[in-house]
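**Student:** A single structure is presented below for examination.
The values are calculated or read from the model by the stated rules, or taken from the named source; none is laboratory data. Model, not experiment: these values are computed from the prediction. Quick reminder, even Gly has a Cβ in these numbers, built from the backbone with ideal geometry, and neighbours come from all protein chains shown. Areas reflect the complete protein model, heavy atoms only, side chains present, ligands, DNA and RNA absent. Shrake-Rupley method; radii C 1.70, N 1.55, O 1.52, S 1.80 Å.
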Amino acid sequence: MQNGNEPRKHTIAVLVENKFGVLSRVAGLFSARGYNIESMSVGETLDPSVSRMTLVVRGDEFVIEQVTKQLHKLIDVIKVTDLTDESHVERELVLIRVNAEPSNRAEILRTADIFRARVVDVTAVSFVLEATGDEGKLEALIELLRPMGIQELVRTGKVAIARGPKARVRRVEPPRKPRAADDPKVVGFAD
């Protein structure tokens, strides 16, 4: 068990209003205090007016507590949750362009199959593989492909969600068109 004084990676989920400049303010909060964001993923939620940021930050308990308090002070922040010690599911995506020498093609495809990676592009000299999983799985895939010659690698940041029923799911209903029959001023109008 780690004590609170050792720096470690924390996964922080932040619900924010989906407005211009919010991402900049959140990133600025970290850089102004000298904290590094190791990864950041941002996307819309079921409600188009709300976005969710998943941040990975390294720090001890004091640093993370300070970051969380500062995030709560931002006007556009709705909710901050440190998922690190909660039961949660996390995933990353990686795209890897690897040399596809004729002698290595079968080995690349076997390795991709073991890691459930998909071949998403093929040329005469390379394969592009797509894989999703936790950080350890992706690191292992990269290490196995490295001897074959990785030309390029692109990774997303981590996305994470708490396990189990965290809160009631709110379904976003499309706006309903007003009908003439719903207008109390219209009398005798047949549907």
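**Student:** If you go through the stretch 58-75, how many residues are surrounded by 13 or more Cβ atoms within 10 Å (Cβ to Cβ), farther than 19 Å from E6 by Cβ and in contact with a strand residue (DSSP E or B) (Cβ under 9 Å, 6 or more places away or on another chain)?
**Tutor:** Summing the residues that are surrounded by 13 or more Cβ atoms within 10 Å (Cβ to Cβ), farther than 19 Å from E6 by Cβ and in contact with a strand residue (DSSP E or B) (Cβ under 9 Å, 6 or more places away or on another chain) in the stretch 58-75 gives 2.
**Student:** Same structure, new question: So, in the stretch 125-162, how many residues would count as being basic (K, R) and touching a strand residue (DSSP E or B) at 6+ places or on another chain (Cβ under 6 Å)?
**Tutor:** 2
**Student:** Scan the stretch 118-155 for residues that are of a type outside the set (A, V, I, L, M, F, W, C) and assigned to a loop (DSSP other than H, G, I, E, B) and report the count.
**Tutor:** The qualifying residues number 3.
**Student:** Quick check, is L55 more than 17 Å from the chain's Cα centre (by Cα) and open to solvent by less than 40 Å² (accessible area, probe 1.4 Å)? Reasoning before the result, please.
**Tutor:** Numbers: more than 17 Å from the chain's Cα centre (by Cα): no; open to solvent by less than 40 Å² (accessible area, probe 1.4 Å): yes.
No; evaluated as a whole, the condition is false for this residue.
**Student:** Which of the residues belonging to the stretch 76-86 are modelled with pLDDT of 90 or more and open to solvent by 70 Å² or more (accessible area, probe 1.4 Å)?
**Tutor:** Across the stretch 76-86, the qualifying residues are I78, K79.
**Student:** Can you confirm whether K166 is on the phi < 0 side of the Ramachandran plot, open to solvent by less than 40 Å² (accessible area, probe 1.4 Å), of a type in the set (K, R) and at pLDDT below 95?
**Tutor:** In short, no.
**Student:** With respect to K9, is the statement that it is open to solvent by 60 Å² or more (accessible area, probe 1.4 Å), within 17 Å of K158 (Cβ to Cβ) and in contact (Cβ under 8 Å) with a residue 40 or more places away in the chain true? Full working, then the answer.
**Tutor:** Details: open to solvent by 60 Å² or more (accessible area, probe 1.4 Å): yes; within 17 Å of K158 (Cβ to Cβ): yes; in contact (Cβ under 8 Å) with a residue 40 or more places away in the chain: yes.
The answer is yes for K9.
**Student:** Inspect all residues belonging to the stretch 89-103 and state whether any of them is within 19 Å of the chain's Cα centre (by Cα), within 30 Å of Q151 (Cα to Cα) and basic (K, R).
**Tutor:** yes
**Student:** Hey, another quick one. What tally of residues in the stretch 95-110 results from selecting those that are in contact with a helix residue (DSSP H, G or I) (Cβ under 8 Å, 6 or more places away or on another chain) and surrounded by 14 or more Cβ atoms within 10 Å (Cβ to Cβ)?
**Tutor:** Number of matching residues: 7.
**Student:** If I filter the stretch 30-47 down to residues being open to solvent by 70 Å² or more (accessible area, probe 1.4 Å) and not hydroxyl-bearing (S, T, Y), which single residue comes out as nearest to the chain's Cα centre (by Cα)?
**Tutor:** V42
**Student:** Still on this structure, please answer the following. If a residue has to be of a type in the set (V, I, T), within 30 Å of L15 (Cα to Cα) and touching a helix residue (DSSP H, G or I) at 6+ places or on another chain (Cβ under 9 Å) to count, how many in the stretch 111-168 make the cut?
**Tutor:** Qualifying residue count for the region: 1.
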